[in-house]
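Participant: Quick one: the structure is below, and I'll ask about it shortly.
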Amino acid sequence: MPRSTIARIDLQALRHNYALAQKLAGSARAMAVVKADGYGHGIRPVALALAEMAPKYAVACLEEALAIRDAGLRQPVVLLQGMHEAGDVRDCSAHDFEPVLHCSTQLNWLAQSESRPEFWLKVNSGMNRLGFRPAELPEVMAAIDAMGARSRLLGFVTHFACADDPASARTAEQTECFVRGTAAWPDLMRSVGNSAAHFLPDQPLFDWSRPGIMLYGGSPSLGKIGPELGLQPVMTLEAPLLSTRIVKAGEAVGYGSAWVAERETLMGMVAIGYGDGYPRHAGTDTPAAVRGQRIRLIGRVSMDMLAVDLTNAPDARPGDAVELWGRTVGVDEVAACANTISYELMTGITARVPREYR
Ligand SMILES: *Cc1c(COP(=O)(O)O)cnc(C)c1O
């Protein structure tokens, strides 16, 4: 029997969250961002579950786009980083992938190829990771005209740095910069908006928005948890209770003897650790749940195990399923305890943990 450490994936919740993204996007259409193996949920089942709803997918790289084609899906797939080498241009055109070109090297690959995929241009409106500055666009457009690729250009893409913070003025500044910088080409489409931008009042999302984390139930907004935004958790991470024991006052638990019992305490060991992707930085007091009761971690997370305080769940028995995150304990809460974001937790679940779909 395999150990019952498992990530249960609720595909109905995924569809609920996509429907919310599409509703919040208003007149824009929402391309489903399924990079990083569907944020750790499995790109193939995630893409298939959204097949009737999502008019487009977005991924980081060609391999991910090919996984969508392997699943038998025909929707266009946006490659958010464009091509990674010259030969990718041909694959894009053969498979209806839409690369987002962000630099002159990629433009040269396109110019030198006989293939002509449809494509987008990345505009750097202030994130300063990738993209052409607005001032460079006239020259870029001239180069595209010169290579005879103008009819294949779908439009402009930009990405927000601070949309998770409604109090930040940056998103409005970036939007303004993007609108001004692309105003000369009103016939082309525009794509802005990670998940967080869907929750900003009065934020225009133009033609295509790009929700990712919200599809999986993680909160994109600072200080909020997913359910407060109407999102349903998609992943429930569970592991079995291996053993229970009573530690006496003054006894220490786990590596570094990092936690010492102040009083006699019923504790348990759970069969999950950082080798499964559970964050090692989740310290004492990180929440978990068993038998519907919230409990807390104690001491250091090991590779294959972690310790919990069962004071709140005295009836817990070996074999019981412990929820590390899901409906009782929000992934955003665990992320906050580990000083990270739900994105890192979900994408970090390792291949040792089987995914089960419902
Ligand atoms: C990952 C990504 C998204 C999705 O972001 P979320 O915060 O997960 O919604 C959108 N656009 C680009 C360019 C991305 O890289």
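Participant: Is it true that V179 is modelled with pLDDT of 95 or more, away from the ligand (no atom under 14 Å from the Cβ) and of a type in the set (V, I, T)? Step through it out loud before you land on a result.
Facilitator: Numbers: modelled with pLDDT of 95 or more: yes; away from the ligand (no atom under 14 Å from the Cβ): yes; of a type in the set (V, I, T): yes.
Yes, satisfied.
Participant: Working only within the stretch 288-304, note down all residues that are buried (at least 20 other Cβ atoms within 10 Å of the Cβ) and not small (G, A, S).
Facilitator: Within the stretch 288-304, V290, I295, L297, I298, R300, V301 qualify.
Participant: Which numbered condition trips up A58, out of (1) outside any strand (DSSP E or B); (2) within 16 Å of the ligand (Cβ to nearest atom); (3) open to solvent by less than 60 Å² (accessible area, probe 1.4 Å)?
Facilitator: Going through the list (1) outside any strand (DSSP E or B); (2) within 16 Å of the ligand (Cβ to nearest atom); (3) open to solvent by less than 60 Å² (accessible area, probe 1.4 Å), A58 breaks only (1).
Participant: Name the residue that is nearest to the ligand (Cβ to nearest atom), counting only residues in the stretch 69-95 that are closer than 13 Å to P55 by Cα and out of contact with any His (no Cβ under 9 Å at 6 or more places or on another chain).
Facilitator: Among those that are closer than 13 Å to P55 by Cα and out of contact with any His (no Cβ under 9 Å at 6 or more places or on another chain), it is V78.
Participant: Restricting attention to the stretch 230-259, which residues are of a type in the set (A, V, I, L, M, F, W, C), in a strand (DSSP E or B) and either open to solvent by 60 Å² or more (accessible area, probe 1.4 Å) or within 30 Å of G42 (Cα to Cα) (or both)?
Facilitator: Taking the stretch 230-259 as the starting set, the residues that turn out to be of a type in the set (A, V, I, L, M, F, W, C) are 231, 234-235, 237, 239, 241-242, 246-247, 249, 252-253, 258-259.
Filter once more, so that each one left must be in a strand (DSSP E or B): 235, 237, 239, 241-242, 246-247, 252-253, 259.
M235, L237, A239, L241, L242, I246, listed by residue number.
Participant: Would you please list the contacts, defined by Cβ atoms under 6 Å and residues six or more apart or on different chains, that run from a residue in the stretch 191-213 that is modelled with pLDDT of 95 or more to a residue that is within 9 Å of the ligand (Cβ to nearest atom) and part of a strand (DSSP E or B)?
Facilitator: Pairs found: S191/V157; G193/S209; W208/S191; R210/V33; R210/A58; G212/V33.
Participant: I'd like the residue in the stretch 77-95 that is assigned to a helix (DSSP H, G or I) and of a type in the set (D, E, K, R) and, out of all such residues, is most open to solvent (accessible area, probe 1.4 Å).
Facilitator: Result: R90.
Participant: Given the criterion open to solvent by less than 20 Å² (accessible area, probe 1.4 Å), more than 9 Å from the ligand (Cβ to nearest atom), among the hydrophobic types (A, V, I, L, M, F, W, C) and touching a His at 6+ places or on another chain (Cβ under 8 Å), identify the matching residue among L205, L153.
Facilitator: L205
The values are calculated or read from the model by the stated rules, or taken from the named source; none is laboratory data. Just so you know, these numbers come straight off a predicted model, no measurement behind them. Reconstructed Cβ throughout: ideal geometry from the backbone, glycine too, with neighbour counts over all protein chains shown. We work out accessible area using only protein heavy atoms, side chains counted, and drop any ligands, DNA or RNA first. Shrake-Rupley method; radii C 1.70, N 1.55, O 1.52, S 1.80 Å.
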